[in-house]
Each structure stands twice: as C-alpha cells, then as structure tokens.
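For reference, the structure is listed below as structure tokens.
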Amino acid sequence: MPKALVIGAGVAGPAVATLLTRSGWEAPVFEARSEPDPFAGLFLNIAVNGRRVLSTLGLEERLLSDAHPAPNMVMWSGRGKQLGVVPNGPAERPADGGVVVRRSWLHEVIRDGAEQEGVKLTYGRRLAEVHQHVGGVTARFTDGTEEEGDVIIGADGIGSAVRKYVAPDVVPTFTGLLGSGGFAHVPGLEPTPGIQHFVFGARSFFGYLVREDGTVFWFANLTADAPPADRSGLIGSGATSDDWLARLRDLHSDDPAPVPQILAATKGPVTVYPIFRLPRVQPWWHDRAVLVGDAVHATSPSAGQGASMALEDAVVLANHLSEPKRDFQAYEDARRDRAEKLVAYAAGIDKQKRVSKSRLSVAIRDLMLPIFLRKAGADHRNDWIFDYDVPFRGGRA
Ligand SMILES: Cc1cc2nc3c(=O)[nH]c(=O)nc-3n(C[C@H](O)[C@H](O)[C@H](O)COP(=O)(O)OP(=O)(O)OC[C@H]3O[C@@H](n4cnc5c(N)ncnc54)[C@H](O)[C@@H]3O)c2cc1C
C-alpha cells in the first residue's frame, strides 16, 4: 500500500488523509500540538465551495448542526449608518450562503471523520526536516523520530515546515492588519439569524453575529503598519489579554451600539495576532513533497475562504495521487490561478478594512458605498469564488 505522510491536523490534513485512505493509501497524519485544542482560533466562515467538500467527506450535516447560517453581510459606517447588504455567497442564491462555525468545531468534525475512516492521527509530532532518497521520503521530527513514506504532504499551515523544503525562500506578507476576537453574552442583544454585521469603526474594523442562544461571536481588525516584533506571539509586545481588551474597548468606544457593549461584556482571554498572506509560492511541490491549504496560499480571513480553499485542495490533490503516478504538477496547474486570484481578492478587502487617517476619504467611502452596494444582491461578479465544484474521483483525475 502506498504511504503518504500528512503533516498537520488542521483542516486540509485530515481531509486529504481521508480521501487518500478511500483511494487505497495509508495516510497517517502528524500534528505538532500535543492534543486537539478546544479553543483553536475563534470562528470562521465556511462557504458553499467548502461545504461541497464536506459533503463529499460525509461531514456537512454534522458541521451544520452547530453553525450560524450567514447568507448576508450587513455593512455599517462608524456613525451607525447602514451602508448596504452584501451576499456572503453567490448572488441571488441565499441557500448557498456561508455558515459561520467555531474553528475548533470544524477541526473536531473533520478529525473525527478522518479517524472513523481509519486515518491514524498522532499528536505531539512536530516536523523538523524533510529528506528525499531513492524510492521515498523521510520526515524527521523535532523529538528525533523519523517516518518513511512514498510522498509527504505539507498541510502544516502558514508557517509550514514542509514549505521550507519545497520553496525555502518564500516569506509571508504582512496584511497591515492585526486580528482579534472573542465570545460574549450581552443581555438583551437579539440573535441575528442569517446575518453577520460589519462596522467600519472610527479606529478599527469590527464584525459580529449573535447566535440563537445569545452567544456573540465578534472579531476586530486593527490597522498596523508592521507586525509586532514577536510574530509568533499572539499577544505581542508584552501586552496581556487585559491590556488588549482595554485597548480594543478604547478603539471602539465611539462606535455605534452594540459594538462597545459587546466589548464591555467580553471577559477574555483576548488574543491579538498579526495576519499574513502568501500571494505566490513557487513551486508548490518538489520531488515527493507537496503543499496544500495555508501552507501554499494562506489568505487573510477577509474573504472567508481559507478553510474552504484548503478543503478544495484536498480533493484536487487526492484526485492526482495514484501511486506510482504522482501528478503534483497537474494538481498545481489545477489550483494555482484560483488560489492566487482569491488571495489577491482578499487583499483588496484588507485594504478597505484598514482605517484611513483622512476624514475626507472616510466621508467619501460612507457616501459612495451605499451607491456601489445598492445592486450587490444581484451582482454575479464574485460567483467564481463559490461555484467551484470538483468531484472526488478516487485517485483518477
Ligand atoms: C490560530 C488561527 C486562527 C485562525 N482564525 C481564523 C478565523 O477566525 N477566521 C478565518 O477565516 N480563518 C482563520 N484562520 C485561518 C484558517 O483557519 C485557515 O485558512 C485554514 O484553517 C487552513 O487550513 P490548513 O489545514 O491549511 O491550516 P491550519 O488550519 O492552520 O492547520 C495547520 C496545522 O498544522 C500544524 N502544524 C504546523 N506546523 C507543524 C509542524 N512542523 N509539524 C506538524 N504539524 C504542524 C498546526 O498546529 C495546525 O494544526 C486561523 C488560523 C490560525 C492558525
């Protein structure tokens, strides 16, 4: 049986391992964390293109059992004026709108699904190096252990160790945004079924939704010229969770309700992290190593597509893997343009989220956006993002 070493048990890793197992591979997954993290990140959007893959995996129904459908995004100015409503999905198809889920729930569903299909997930194994040899590949872990495989798949996120072997010169680009967020309960705040709200706050961008049980999911994107010196530290510059919460409350103190109320009700802990993207990785594979998901096309969360694109990669790569044939180039050819276009699209949204120091440009934006967004509901220009649909062919591309 051919063997694929899969590095990373986030979204792409267990998904590709499941599909390869169905195609007759042994596909063990090695994850650096010592155990599954119940608070892995905050929450994220799963778009219909990602849901199609979850359906292929047989996991869509379970995921949706704890999801907030959000087919519409309502945009607000920092003065509380509604600027417009934008579909969170293909135009005029609300049933195909995005759903928002806790990141840890998405991980759990994909992980459980993989294990049920016989994938072996091992925690506490951080890949250090990849070595190629005649007839195979060796993964060397930081604990000194090694694993042998026919191929190695880097599903190890934006800081990918496999990418250091495949494309060592690639450096992630800072988006100019810091991300933060949390959960809260605000007495009296009504649920927002079908909707996620976005506020162009005076000094920081803010998004929130209220689930049926009253739990508020919120995030803030702070504008920053450079990432904190400690890139990896979520709370950089020595600031504590309380310091950041105080700063966020201050930054959003003049914004319309319920933004200040949500932050007042947040108990923490609050993390703040710099957001990076990978506009272009060259190449996507080398010898017997190949990259998927954030490891090869990390995008800012602004387009709500990071996890969905990682899931798409899993299907396309699995379609091109049938030992002894490993058509990594065909996989790259099938995915590169779409991934780069999406990363660029998200970068465009990042720019709009950065707070302008010019009061004039803010006034112009607040005046013009309602005009641009008036027909957003019937604007099909973004349908290419959502209409991607590649069936799983079990190793037969
Ligand atoms: C902390 C965090 C919070 C996020 N929050 C959001 C959000 O709120 N909204 C949003 O849209 N997107 C968010 N994202 C991005 C989104 O989760 C990704 O786009 C998506 O998960 C891509 O999936 P992936 O499997 O490629 O990578 P990931 O989900 O990042 O998974 C990579 C996995 O590889 C593991 N790993 C890393 N290095 C090694 C190594 N050397 N050896 C073994 N394992 C390794 C990591 O621990 C991780 O489990 C977040 C990402 C992170 C890391």
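The values are calculated or read from the model by the stated rules, or taken from the named source; none is laboratory data. Here the structure is a predicted model, which means the values were calculated and not measured. Cβ atoms come from the backbone with ideal geometry, glycine included; neighbour counts cover every protein chain shown. For the accessible areas, the whole protein counts, side chains as well, though only heavy atoms, and no ligand, DNA or RNA atoms are used. Shrake-Rupley method; radii C 1.70, N 1.55, O 1.52, S 1.80 Å.
Applying the criterion of being open to solvent by 30 Å² or more (accessible area, probe 1.4 Å) and farther than 21 Å from TYR273 by Cα to the residues of segment 32-53, the residue that is farthest from the ligand (Cβ to nearest atom) is ARG52. Exactly one residue out of GLY78, GLY84, GLY98 is touching a strand residue (DSSP E or B) at 6+ places or on another chain (Cβ under 9 Å), within 12 Å of the ligand (Cβ to nearest atom) and under 24 Å from GLY201 (Cα atoms): that is GLY98. Looking across segment 150-188 at every residue that is away from the ligand (no atom under 12 Å from the Cβ) and closer than 22 Å to TRP25 by Cβ, the one that is most open to solvent (accessible area, probe 1.4 Å) is identified as ASP150. Applying the condition of being out of contact with any helix residue (DSSP H, G or I) (no Cβ under 9 Å at 6 or more places or on another chain) and small (Gly, Ala, Ser) to segment 134-149 and asking which residue is nearest to GLU26 (Cα to Cα) yields GLY149.
The criterion of at least 1 residues that are free of Cβ contacts under 8 Å to residues at least 60 places away in the same chain, over 30 Å from LEU209 (Cβ atoms) and among the hydrophobic types (A, V, I, L, M, F, W, C) is met by the following strands (runs of 3 or more DSSP E) wholly inside segment 83-167: 127-133. Among the criteria (1) of a type outside the set (S, T, N, Q); (2) more than 23 Å from the chain's Cα centre (by Cα); (3) open to solvent by less than 30 Å² (accessible area, probe 1.4 Å), the one GLY293 does not fulfil is (2).
Residues that are in a loop (DSSP other than H, G, I, E, B), under 20 Å from LEU245 (Cα atoms) and open to solvent by less than 20 Å² (accessible area, probe 1.4 Å): does segment 215-226 have at least one? The answer is yes, given that some residue of segment 215-226 is in a loop (DSSP other than H, G, I, E, B), under 20 Å from LEU245 (Cα atoms) and open to solvent by less than 20 Å² (accessible area, probe 1.4 Å). For segment 316-331, the tally of residues that are crowded, with 23+ Cβ neighbours inside 10 Å and in contact with a Pro (Cβ under 9 Å, 6 or more places away or on another chain) stands at 1.
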